[in-house]
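Quick notes on the structure that follows.
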Amino acid sequence: MKKMVIFLVIIVALFVILGVLTNLKKEEKSKGNPYGKEHLKSATVDQLDDPNYQNLILPEELENDLQDKEEMTVYFYSPTCTHCQKTTPIVAPLAEEMGIDLVQYNLLEFEQGWSDYGIKSTPTIVHFKNGKEQERIVGYNEEQTFKKWFEDHDIN
């Protein structure tokens, strides 16, 4: 019985140490992150090095650009959204190929975006012109659907 208790204590201690080391590694990886936040959610940290998630826009930047009446296309996503995980590898390279500056707004880190921009589900791509929403496409779609949407709305 005594050996069993010692064995269980060792196992629990190993799990605690593993958890602490994992958290330290994620905190280290998130230092100097493009979000300008000290602490990021784990799913966001996992995407920091992903080439499909490098054209980020922060809430203040988006607000300022819209107030300046800039034309822009914004991809609202969440790192935990399974539809976003399927959509991003389609739309990020497609936008680049088509010469579209598709900026990415992380709703997991900046939850105010849900209400600020009327986002009901992710992924959602919104095209703004003169600071006002013109068009949006919601959900996972095939590449051809996104390509047609970009072309039909003369987004470039």
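Observations on the model:
- In the stretch 134-151, the residues that are outside any strand (DSSP E or B), under 19 Å from residue 121 (Cβ atoms) and not polar (S, T, N, Q): 139, 140, 142, 146, 149
Yes or no, residue by residue, for (1) polar (S, T, N, Q); (2) more than 14 Å from the chain's Cα centre (by Cα):
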site	(1), (2)
71	no, yes
96	no, yes
104	yes, no
110	no, no
118	no, yes
121	yes, no
126	no, yes
133	no, yes
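- Number of positions in the stretch 111-132 that are in contact with a Leu (Cβ under 8 Å, 6 or more places away or on another chain) and under 21 Å from residue 91 (Cα atoms): 6
Residue-wise test of (1) under 20 Å from residue 104 (Cα atoms); (2) modelled with pLDDT under 80; (3) among the acidic types (Asp, Glu); (4) in contact with an Asp or Glu (Cβ under 8 Å, 6 or more places away or on another chain).
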| position | (1), (2), (3), (4) |
| --- | --- |
| 1 | no, yes, no, no |
| 6 | no, no, no, no |
| 19 | no, yes, no, no |
| 22 | no, yes, no, no |
| 36 | yes, no, no, no |
| 40 | yes, no, no, yes |
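The values are calculated or read from the model by the stated rules, or taken from the named source; none is laboratory data. Please read these numbers as outputs of a predicted model, since none were measured by experiment. Glycine gets a Cβ as well: all are built from the backbone with ideal geometry, and neighbour counts include every protein chain shown.
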